[in-house]
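Where a number appears in this text, it was derived from the coordinates with a stated rule and is not lab data. It should be emphasised that the depicted structure is a prediction, and the values quoted were computed from it without experimental measurement. In this analysis, Cβ positions are derived from the backbone assuming ideal geometry, glycine residues included, and neighbour counts consider all displayed protein chains.
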Amino acid sequence: MVFYVLKRFFQSLAVMVFVAMICFVLFNYVGDPVDIMSGQESTQEMREALRERLGLNDPAPVQFVRFIGNALQGNFGISYRLKRPVEVLIAERLPATLELVLVSAVLALGIGIPAGLYTGLNRNSWLSRLILSVSLAGVSLPTFVIGILLIYLFSVSLNVLPSYGRGEVISLGWWSSGLLTATGRKAIILPAITLCLYQMTLILRIVRAEMLEVLRTDFIKFARARGLPNRVVYFGHALKNTLVPVITVTGLQLGSLIAFSIVTETVFQWPGMGFLFIQAVRFADIPIMVAYLVLAALFFVIINLVVDLLYFAVDPRIRIGTSQTGGRR
Amino acid sequence: MNTYPNLIKKGRHGVLKRILDHDIFYSFTRSPVVVIAALITFLFFFTAAAAPWLTPHDPFNPATLDLMNAFKPPVWVKGGEWRFPLGTDNQGRDILATILFGCRISLVVGFLSVILAMGIGVTLGTFSGYVGGWMEALIMRAADIQLTIPAILIALTVDGIARTALPREMLDHAAIYVLVVSIGIAHWPQYARVTRSGTLVEKNKEYISAARIIRVPPVLIVVRHILPNVMGPTLVIATIGIALAIIIEATLSFLGVGVPPTTPSLGTLIRIGNDFLFSGEWWITLFPVAALVLLVLAVNLVGDWLRDTFNPKLR
């Protein structure tokens, strides 16, 4: 068990180092930072002085170590375009994105799992068919198209929900929350639905497929033969055994919620990190791009790690399996 | 059951006969949804290829545009004209014409990026599968790492790097190639994984040993003997890959980091039209949206069907 956790941990570390290396190359060699930071009228001496001050004359490994050190302290330099420290910009935007992602994740799980269970248990009811055909739309429509259609329906035609921004926010220390005000709650509805629809569909489909598979196994028949009530068979026996693939898919999908929040935030002009990132890509603002990538990679790695560890909690077979093979290796 | 005697009686041994008798064609004709999807896909290919001859308008030549024609609604709405069946946008461009030309760019980017992803993935996959050792470990670890990060983020990053590295004036002309490269790089791991596992199976078979014994050079073994045997599944993922690539292209263009508005793809058209959604000119954005959805849905359905038919495990 300890061996397995350590191995996973080092793999995650390797991913982070890899991402850091790409970011470092991006930071130092794509476009000359001195060119971008010094003005038009700067002399050769001033540029050399700046180069020396930024440490760009040091050997690459020294610079790389310094880059990692700075990144660990959350220091990513100053945005080329906005002329403010990147970590401050990110910290301002982080709550908006995380709130959106969390609400979407809750929606995706809260609707996806019950709907998947229902369609798995009642294969032929008309409601299942309806849910499945709606879910087909969820898979094949691109995120931004869903956003536009929702805006057209609820903001333009019906005029009941706001189509941009976060509404009123209340700051709690360094965190700013829109969930505590009425306008903020109203503003998050459309973006959250847009963001969660695809993930919800995937979760629904995997839960349904797994349920169908498990319900065919012998131990379910045996449980039925023992005269257990349906409730116990479905939720105590069947659901438990579908959890491993469901957790895998859910975990990975949470990661892509963060990536797709870039799209949703642009459609709804949500003042989050994704919006910041896309502007950075548009205007070649490398410090922001680098900071966002490092942060996003960190989220993915943490999510993957948590998913791997959750297997232990959920599936005793894995616990026993690794402790046996782990000793041999 | 009695197709065989029939074959002899009629004496039709042509390619067409073989296709028509094949069980894949049979399963094709048995699923009306797939037939319709294939027809729609074909229609999109055809109209995109023949766009300049299908419409009297040239939406990308500013000289032919007249601002007097701007914001015309579709024909069936009051104020619409038959000259512009689906209405016009803010610059007086015919929406139908821009959609036809936009599909062209979307399809070109979709195809080229899938070809690129396949090229990188298949090369690295067969190579690492055949050679093995630390090279294989390195390539496959890289693929694993990349698969933990969503493709759209990879594409955005590569796109961002290219936009930073290229000079401004080159960017507009190179935009399509930048997109192809970013989407291609974002999708190679799937192809690498599939071809690698195929190669691992094939390379221990007798015909490969025989080729080795008569000293066929390793490169030729991979290209001539292994590659044809591992390409089947790859082509199937490629079909679904085209739909994915079209979606990512549209998304990037919608986000304003794809093809420029001077030569718009479907995504760019949707982005332009999105600004007018609130002022009531819904047709500028909703028609390109409909075209995109229809295209992606059709390609996806064909791809799903191919996957189900060619994968005996699922049959």
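Figures for the structure shown
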quantity	calculated
Within the stretch A:60-92, chymotrypsin sites (Phe, Trp or Tyr not before Pro) in DSSP loop having at most 11 other beta-carbon neighbours inside 10 Å	none
Of the trypsin sites (Lys or Arg not before Pro) in the stretch B:202-270, those whose Cβ has at most 13 other Cβ within 10 Å and which sit in DSSP loop	B:K205, B:R215
q = 0.09, 0.12, 0.14, 0.15 Å⁻¹: log10 I(q)/I(0) that the Debye formula gives for chain A, counting C-alpha atoms only	-0.64, -1.00, -1.19, -1.26
Under 19 Å from B:K78, Cα to Cα: aspartates and glutamates that are on another chain or at least 8 residues apart	B:D89, B:D94, B:E281
Mean-position separation - Cα centroids, the stretch A:51-90 and the stretch B:290-309, in angstrom	46 Å
Proximal aspartates and glutamates to A:K83, defined as alpha-carbon separation beneath 14 angstrom and excluding residues fewer than eight positions away on the same chain	A:D285
Cα gyration tensor shape of the protein assembly as shown, rounded if a/c is under 1.5, else prolate or oblate by comparing a/b with b/c	rounded
Amide H partners (placed H, <5 Å) of B:T88, local residues excluded	B:F71, B:K72, B:I95
For residues of B:247-259, the mean tally of beta carbons on other chains within 10 Å	4
Reach of B:K205 by Cα under 18 Å, taken over aspartates and glutamates that are not fewer than 8 positions away in the same chain	none
Förster-model FRET efficiency, 30 Å R0, B:T123 and A:D218, C-beta, rounded to 0.05	0.05
Around A:L100: net Lys/Arg minus Asp/Glu count, Cβ-Cβ under 12 Å	0
Helix A:286-314 vs. chain A, principal-axis angle (Cα, 0 to 90°, nearest 10)	30 degrees
In the stretch A:169-248, the chymotrypsin sites (Phe, Trp or Tyr not before Pro) that fall in loop regions by DSSP, at most 11 other Cβ within 10 Å	A:W174
Inter-chain Cβ neighbour average for residues B:136-142, partner chain, 10 Å	1
